[in-house]
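To keep things clear, I will list the structure first and then write my remarks on it.
Only the coordinates and a few stated rules stand behind these numbers; no lab work does. Model, not experiment: these values are computed from the prediction. Every residue, glycine as well, gets a Cβ built from its backbone with ideal geometry; the counts of neighbours run over all protein chains shown.
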Amino acid sequence: MALFLRMSAIARVAGAALFAYAAILSPVNGTGRAVHAADTGASSSQPKLMALGDSLMAGYNLPPGQSVPDQLARLLEEKGIPVTMINAGVSGDTSAGGLSRLDWMLKESPNIVMLGLGANDALRGINPKETRVNLNTILHRLRRDNIEVLLLGMLAPPNMGKEYATEFNAIFPELAVMHSIPLVPFFLDGVAGNPALLQADGMHPTERGTEAIARHILPWVESLTSKRKAPPREGMDKSHH
């Protein structure tokens, strides 16, 4: 903890990310398939919001209904913005894994996708160039289908070295500019390295932790839902993309 106090603000966040990223390789609570968090009585006018990510999105070791997507759906409901939430978090998923299952996941026909992949790439030391290509391909596909996207930024763990971190951390802001999409600079901001919001292992968010993450990204999501009130994607002309 003393180390964190002596580090600069950015270094503290990056250092905390090292511990948070260790959570991503842990088993998932549940099957990892896309499920509707609000699939009972959902109106066809409600936006379909998909959370495409890893175990941090899936809600490791938490009771049902306590993952980040579930918390986010409740916060939106409180603001009078009901959504059909699809939790597409899969334990251990990398950017390559997300790309490989993208076609299957898009059968859910989401209107908005929160893209939260890449942390496992950094934890495993995958070449940032590969991560960039994979995320860029996912984004091209989503934008081709006229799906609104919120990119959830990740930071490389500091043990990967300055050169790796510099190249990896630049991926997310650069892709956000390239695709003209909103970016959350760091998905785990305020939670990574905070014992009050982590489980006993010091890595996985508690229910309070997932709520804090959901509140952190809520303004970006709320903005996207105001742009996309669930127009149907079926039959959409994609020839101009």
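Odds and ends about this structure:
- Cα gyration tensor of the stretch 141-225 - equivalent ellipsoid semi-axes, whole Å, descending: 25, 20, 9
- Here is the P(r) of the stretch 68-188: all C-alpha pair distances, binned every 10 Å from 0, give 13, 44, 33, 9, 1 in whole percents.
- Summed residue charge, Cβ within 11 Å of residue 63's Cβ, Lys/Arg positive, Asp/Glu negative: -2
- From the alpha carbon centroid of the stretch 91-144 to that of the stretch 170-223 is 17 Å.
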